[in-house]
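Here the structure is laid out as structure tokens; the discussion comes afterwards.
The values are calculated or read from the model by the stated rules, or taken from the named source; none is laboratory data. Here the structure is a predicted model, which means the values were calculated and not measured. Every residue, glycine as well, gets a Cβ built from its backbone with ideal geometry; the counts of neighbours run over all protein chains shown.
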Amino acid sequence: LSSDTIRQLSDLHPKPDIKFQYGTAGFRTVATVLDSVLFRVGILAGLRSKKLDGKTIGVMVTASHNPEEDNGVKLVDPRGEMLESSWEAHATTLSNASTTDDFIQVLETFVQTAKIDLSKPSRVVYARDTRPSGPALIAALEDGFKAIGVDAHDAGVTTTPILHYLVRAINTKGTPESYGEDSEEGYFLKLSEAYKKLVAGRATPEPLLLDCANGVGADAAKKLSKYLGDKLPIVLTNTAIGTPGALNNACGADYVKTSQKLPPSLSNLLKPGQRGCSLDGDADRLMYFHLDERGQFRMLDGDKIAALVAAFIVELVKGAGLEEHIKVGVVQTAYANGASTKYLADRLPVKCVPTGVKHLHHAAEHYDVGVYFEANGHGTVLFSPSTQEMLSQHQPSTPAQSTALNHLINLTQVINQTVGDALSDMLLVEVVLSHKSYSGIEWDSLYTDLPNRLVKVKVADRNIFRTEDAERRLVSPVGLQDKIEGLVRRYEGGRSFVRPSGTEDVVRVYAEAVLRPQADELAFRVAGLVYDETGGDPASRPR
Ligand code: G16
């Protein structure tokens with residue numbers, strides 16, 4: 001380590017008096033305090049690459065669904081997956097060293113204990129979303145690259161899933177596992193070509209209304225739309241990338257999921273019977289919706305996407321004559337609507353894991369085909385390497401089997417298997433709707449959601465909340481779980497859980513019950529319990 005260069009550059013990025021944590025989706029907080037974190041992440045990314053023999057690592061600067069004033073950064077491992085969890089702790093430790101001296105000492109110890117050969121090359125590809133704080137944070141990140149001598153490639157302003165795609169494409173280039181051309185254009189080509197094959201010969205669908213959350217998804221969707229041409233007419237809205245304060249504001253996937261409402265900006269645009277969907281701030285989440293026969297807003301969330309997609313894949317696997325060889329499974333979190341879990345578990349193996357794509361992704365890898373979606377619309381489908389191999393080798397016995405097999409192969413291409421990808425998921429949903437001749441109404445009627453409510457509680461210290469059983473039970477603060485269960489018992493079909501957010505400084509409370517007013521009441525009463533437990537300003541007590 002040339003500690004002189006690191007020292008000089010580190011002095012330009014002093015750490016504020018704040019405790020940082022690499023959480024559910026990397027570091028994420030108000031952008032103004034993140035400068036030192038970005039510098040240090042630049043160094044860490046370089047070290048991760050060296051440790052992995054010069055493989056390319058990804059760095060994405062985004063705060064996704066969070067408000068515009070937040071920002072964040074997450075690392076992407078060589079196969080396009082989230083950073084290996086043991087390194088999350090290293091990221092946290094490095095980010096919290098208080099002075100340049102401390103930082104260099106922690107760094108040297110880390111290089112020794114992790115046995116990193118500094119003579120190896122290091123390569124990183126990085127990108128950011130549209131947040132105004134992005135350019136300054138990227139400059140800090142680049143200082144980190146400079147400090148450790150990274151061969152860095154700037155992918156500019158793009159979506160999180162495109163960055164994940166690029167990482168995998170770069171690392172598999174020229175190998176039998178090649179994931180596609182290592183460029184944004186390569187991504188759009190791969191997805192759009194597969195989509196066109198899957199809908200060949202089918203009627204052009206009614207236009208899809210796409211809410212881009214005034215974020216980076218607007219640019220990407222515009223480009224994708226050109227590749228799709230008239231195969232999928234898309235009406236883009238909330239594309240005001242340059243308007244201060246517009247990002248995720250009363251629009252986007254998180255707004256739709258949490259408020260269970262149509263973004264007000266869409267109210268004059270969405271016509272009864274029309275399909276609409278919302279991206280989030282970095283286009284890795286997708287929520288669908290439609291207006292039913294009575295003009296009522298109906299949300300088609302990640303659970304509904306999982307149900308739609310899993311059933312379709314099972315049908316194709318059977319159609320291809322592969323049901324004895326390929327087992328499809330689903331992964332959800334505690335937020336999955338109880339009705340969706342019942343619907344899926346009656347048909348397929350279903351596993352529940354803690355929040356965070358990395359947990360779902362790893363669990364999904366245990367199936368031949370693993371469909372994973374968080375209720376908030378974050379998810380994808382994984383085809384195991386042996387399943388992909390089987391699909392390419394299988395000899396179908398009938399023309400019908402051959403068609404089903406080709407559809408499965410094309411699905412492996414339209415789906416971004418590195419991470420949840422709103423645009424890829426949108427194409428996937430559109431394929432299934434087209435094949436099934438479903439409108440939003442038929443899709444929605446697969447099962448009826450139990451009424452549910454999600455609320456946030458601002459507490460003094462969310463770290464006192466600890467959970468077990470895939471976040472379905474609180475173990476700390478002691479005694480609170482019993483109180484929650486006491487409340488839940490009073491509600492028909494009641495279910496509720498409490499967990500600390502990994503991306504916002506809040507505790508989240510989820511509740512569902514058979515009747516809407518009861519789900520709301522249960523959520524607010526549990527939130528009240530949480531609030532009483534931790535104390536705080538009575539004016540902000542949830543009610
Ligand atoms: C991130 C994670 C998701 C998670 C969400 C909310 O999404 O990638 O897996 O569901 O945060 O997490 P929490 O409830 O812990 O705040 P995104 O879209 O913001 O990157």
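Things worth noting here:
- Here residue 512 fulfils each of the conditions (1) buried (at least 21 other Cβ atoms within 10 Å of the Cβ); (2) on the phi < 0 side of the Ramachandran plot; (3) within 16 Å of the ligand (Cβ to nearest atom) apart from (3).
- Selection of the range 443-475 for residues being within 23 Å of residue 521 (Cα to Cα) and surrounded by fewer than 15 Cβ atoms within 10 Å (Cβ to Cβ) yields only 448.
- Scanning the range 515-528 for residues that are touching a strand residue (DSSP E or B) at 6+ places or on another chain (Cβ under 9 Å), under 11 Å from residue 459 (Cα atoms) and not assigned by TED's automatic domain parsing to the domain that holds residue 335 turns up at least one hit.
- Some residue of the range 532-540 being at pLDDT below 95 and hydroxyl-bearing (Ser, Thr, Tyr): yes
- Residue within the range 488-498 that is polar (S, T, N, Q), crowded, with 22+ Cβ neighbours inside 10 Å, at pLDDT 95 or above and not assigned by TED's automatic domain parsing to the domain that holds residue 199 present: yes
- With respect to the stated conditions, residue 253 fails to be without any contact (Cβ under 8 Å) to a residue 40 or more places away in the chain, in contact with an Asp or Glu (Cβ under 7 Å, 6 or more places away or on another chain) and closer than 14 Å to residue 376 by Cα.
- Listed here are the helices (runs of 4 or more DSSP H) enclosed by the range 304-405 that have at least 2 residues being away from the ligand (no atom under 16 Å from the Cβ): 338-345, 385-393.
Here is a yes/no grid of residues against (1) over 23 Å from residue 419 (Cβ atoms); (2) within 16 Å of the ligand (Cβ to nearest atom); (3) touching a Ser or Thr at 6+ places or on another chain (Cβ under 6 Å); (4) modelled with pLDDT of 95 or more:
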residue: 83; (1), (2), (3), (4): no, yes, no, yes
residue: 104; (1), (2), (3), (4): yes, no, yes, yes
residue: 122; (1), (2), (3), (4): no, no, yes, yes
residue: 128; (1), (2), (3), (4): no, yes, no, yes
residue: 146; (1), (2), (3), (4): yes, no, no, yes
residue: 151; (1), (2), (3), (4): yes, no, no, yes
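- Residues that are in contact (Cβ under 8 Å) with a residue 12 or more places away in the chain, in contact with a helix residue (DSSP H, G or I) (Cβ under 6 Å, 6 or more places away or on another chain) and β-branched (Val, Ile, Thr) number at least 1 in the following strands (runs of 3 or more DSSP E) confined to the range 119-230: 123-128.
- Residues that are in contact with a strand residue (DSSP E or B) (Cβ under 7 Å, 6 or more places away or on another chain) and β-branched (Val, Ile, Thr) were ranked within the range 381-400; the one that is surrounded by the most Cβ atoms within 10 Å (Cβ to Cβ) is 381.
- Residue 46 being within 16 Å of the ligand (Cβ to nearest atom) and in contact with a Gly (Cβ under 9 Å, 6 or more places away or on another chain): no
- Some residue of the range 238-253 being outside any loop (DSSP other than H, G, I, E, B), more than 15 Å from the ligand (Cβ to nearest atom) and surrounded by 17 or more Cβ atoms within 10 Å (Cβ to Cβ): no
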